[in-house]
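A quick write-up on the structure given underneath.
The values are calculated or read from the model by the stated rules, or taken from the named source; none is laboratory data. Here the structure is a predicted model, which is why all the values come from computation and not from measurement. As a convention, Cβ positions derive from the backbone with ideal geometry for all residues, glycine included, and neighbour counts pool all protein chains shown. Just the protein is used for accessible areas: all its heavy atoms, side chains included, with ligands, DNA and RNA removed. Shrake-Rupley method; radii C 1.70, N 1.55, O 1.52, S 1.80 Å.
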Amino acid sequence: GILEVVNFQLWPANRDLPELDFVLQSYDTAFTDDTKNDPTACTVWGIFKHRGKACALLLDAWSDYLKYPQLRPKLLEDWKAKYGGTKDDEFKPPRRADAILIEEKGSGISLIQDLRQGGIPIISYNPGKSSKIMRAHQAAPFLDMGALYFLESKRDPGKPITWARPLSTQCEQFPNGEHDDFVDTLTQAVIYFRNSGMLELPQ
């Protein structure tokens, strides 16, 4: 009940994506192919202005059980991806991620160091003593105020796009679900946006 999925907003399927001010790829890494553990998960968020407030739109989400030799090229491939843009408008082209956020924990430290040497804009996230539950409580107010968006499904109007549903399910089950990798990517992204001043709570 910490992350109330009913408060996720839907960006209409029949509208172009909004103009994005910042794009962040958020990773929860696990260098393993053991399905008993959490997989590596990635969510991509775009900051945009809507009805006078800053919001974050989920642009992509995936998870997979990958060892380091497979994860590194996957991350490099994703970094080349482009998001957003407006059809037939050369002044609003799709954009690459501005930064990649990776938690500075055992499985992510070597990846952070490796990619920084390659000139990739990596931001390390250190939660300090904050538990997963504490981080969820920090992110929840932005969900409650309607600042977090899913893309609407074209096939199922009124529901999130198919690839966003695993994140929605994890949020609904957290903290009692089998996995929480997607939730980790969400909370660290929202906390980063908050600390950077990109998302703000009403005064």
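Take every DSSP beta bridge whose two residues both sit in the chain; close to 60 percent of them are antiparallel. Across the protein chains, with a 1.4 Å probe defining accessible surface, the residues Trp79, Trp11 rank Trp79, Trp11 from largest area downward.
Within the P(r) computed for the stretch 2-101, what percentage of the Cα pairs occupies the region above 20 Å? Beyond 20 Å sits 47 percent of the P(r) for the stretch 2-101. For the stretch 1-65, with all protein chains in place and a probe radius of 1.4 Å, 42% of the accessible heavy-atom surface sits on carbon or sulfur. Between Phe22 and Ile47, the built amide H atoms are under 5 Å apart, and every one of these is 5 or more places off in sequence or on another chain. A 1.4 Å probe run over the protein chains yields, for the stretch 61-200, 53 Å² of accessible area per residue, whole-number rounding.
Counting 0.36 nm for each residue step from Leu76 to Glu19 and taking away their Cα separation leaves a gain of 18.1 nm. Each label point was placed 7 Å from the Cα along the Cα-to-Cβ direction; for Arg51 and Lys129 their separation is 3.9 nm. Per atom type, the stretch 128-203 shows carbon and sulfur on 50% of its accessible surface, probed at 1.4 Å. Here the 3J(HN,Hα) profile of the stretch 21-31, calculated from phi with Karplus coefficients 6.51, -1.76 and 1.60 at θ = phi - 60°, is 8, 7, 10, 10, 9, 10, 10, 10, 9, 8, 8 Hz, Gly and Pro shown as x. Once you've got the Cα coordinates, tell me which of Lys67/Lys132; Lys49/Lys132; Lys105/Lys159; Lys129/Lys159; Lys129/Lys154 are over 32 Å apart. Those over the limit are Lys105/Lys159; Lys129/Lys159; Lys129/Lys154. Label positions at Met145 and Thr162, each projected 7 Å from the Cα along the C-beta direction, are separated by 3.5 nm.
What number, rounded to the nearest 500 deg cm²/dmol, is the helix-based mean residue ellipticity at 222 nm of the chain, given -39500 (n - 2.57) per DSSP H run of at least four residues and division by all its residues?
Numbers: 5 runs with 61 residues, N = 203.
Calculated mean residue ellipticity at 222 nm is -9500 deg cm²/dmol.
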